[in-house]
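Just below is one structure, and these are the notes that go with it.
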Amino acid sequence: MIKPDAVADGNIGGITKMIEDAGFKIIAMKYTRLTSELAGKFYAVHAERPFYGELCEYMSSGPIVAAILEKENAVEDFRKLIGATNPAEAEEGTIRKIYAKSIGANAVHGSDSDENAAIEGNFYFPELERF
Ligand code: DAT
Ligand code: MG
């Protein structure tokens with residue numbers, strides 16, 4: 001996902017270019033907006049965390065871009081490309097170092113496992129049978 005802060009700042013193109021330049025193939029892409037309830041469903045795994053309410057509010061604060069990406073070793077390589085959750089700790093040249101504003105408004109989401117990538121892909125693109 002390209003998160004609301006990055007979409008609002010006009011960074012869809014810059015982030016998408018970094019993703020493609022890193023060798024990821026975009027196999028589905030959608031510009032959409034979550035309700036707070038849907039954001040809560042997407043991030044249900046964080047329901048007990050103190051920042052959950054803030055996270056759901058933020059993720060529904062504006063449009064986002066959801067995409068399914070394909071690559072060998074995609075999960076690990078994408079986590080490397082996006083950098084640490086907190087942009088203050090993200091390495092130079094990572095998407096979050098370049099585009100994120102804060103630990104909450106951190107420009108992009110990346111799945112943390114193949115299993116969750118399938119669940120999250122299906123959340124946005126249930127019409128794609130392969131997910
Ligand atoms: P990541 O997005 O790097 O996988 P995560 O899964 O731990 O990070 O958390 C999901 C999102 O929740 C994260 O992108 C931004 C928000 N978040 C995480 N930790 C936070 C914190 N300490 N304060 C505010 N928001 C936080
Ligand atoms: Mg995560």
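See the values below:
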{"item": "Any chance E120 is away from ligand 2 (no atom under 14 Å from the Cβ) and of a type in the set (D, E)", "result": "no"}
{"item": "In the stretch 63-78, the residues that are surrounded by 15 or more Cβ atoms within 10 Å (Cβ to Cβ) and within 14 Å of ligand 2 (Cβ to nearest atom)", "result": "V75, F78"}
{"item": "Residue list for the stretch 45-62, filter: open to solvent by 90 Å² or more (accessible area, probe 1.4 Å) and within 21 Å of F125 (Cβ to Cβ)", "result": "V45"}
{"item": "Flag for A66 being within 12 Å of E120 (Cβ to Cβ) and over 13 Å from the mean Cα position of the chain (by Cα)", "result": "no"}
{"item": "Selected residue (criterion: farthest from I2 (Cα to Cα)) from residues of the stretch 86-101 that are open to solvent by 40 Å² or more (accessible area, probe 1.4 Å) and among the hydrophobic types (A, V, I, L, M, F, W, C)", "result": "A88"}
{"item": "Any hit, the stretch 23-43, residues being part of a helix (DSSP H, G or I), of a type in the set (S, T, Y), on the phi < 0 side of the Ramachandran plot and touching a residue at least 12 places away in the same chain (Cβ under 8 Å)", "result": "yes"}
{"item": "Counted residues, the stretch 8-33 - those being among the basic types (K, R) and under 12 Å from I68 (Cβ atoms)", "result": "2"}
{"item": "Criterion (open to solvent by less than 40 Å² (accessible area, probe 1.4 Å), over 18 Å from I19 (Cα atoms) and within 11 Å of ligand 1 (Cβ to nearest atom)) met by exactly one of G83, G104, G110", "result": "G104"}
{"item": "Which numbered condition F42 misses (of (1) open to solvent by 40 Å² or more (accessible area, probe 1.4 Å); (2) over 17 Å from N11 (Cβ atoms))", "result": "(1)"}
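The values are calculated or read from the model by the stated rules, or taken from the named source; none is laboratory data. Since the structure is predicted, the reported quantities are computational estimates derived from the model, not experimental observations. Methodologically, a virtual Cβ is constructed for each residue, glycine included, from the backbone with ideal geometry; neighbour enumeration extends over all protein chains shown. Just the protein is used for accessible areas: all its heavy atoms, side chains included, with ligands, DNA and RNA removed. Shrake-Rupley method; radii C 1.70, N 1.55, O 1.52, S 1.80 Å.
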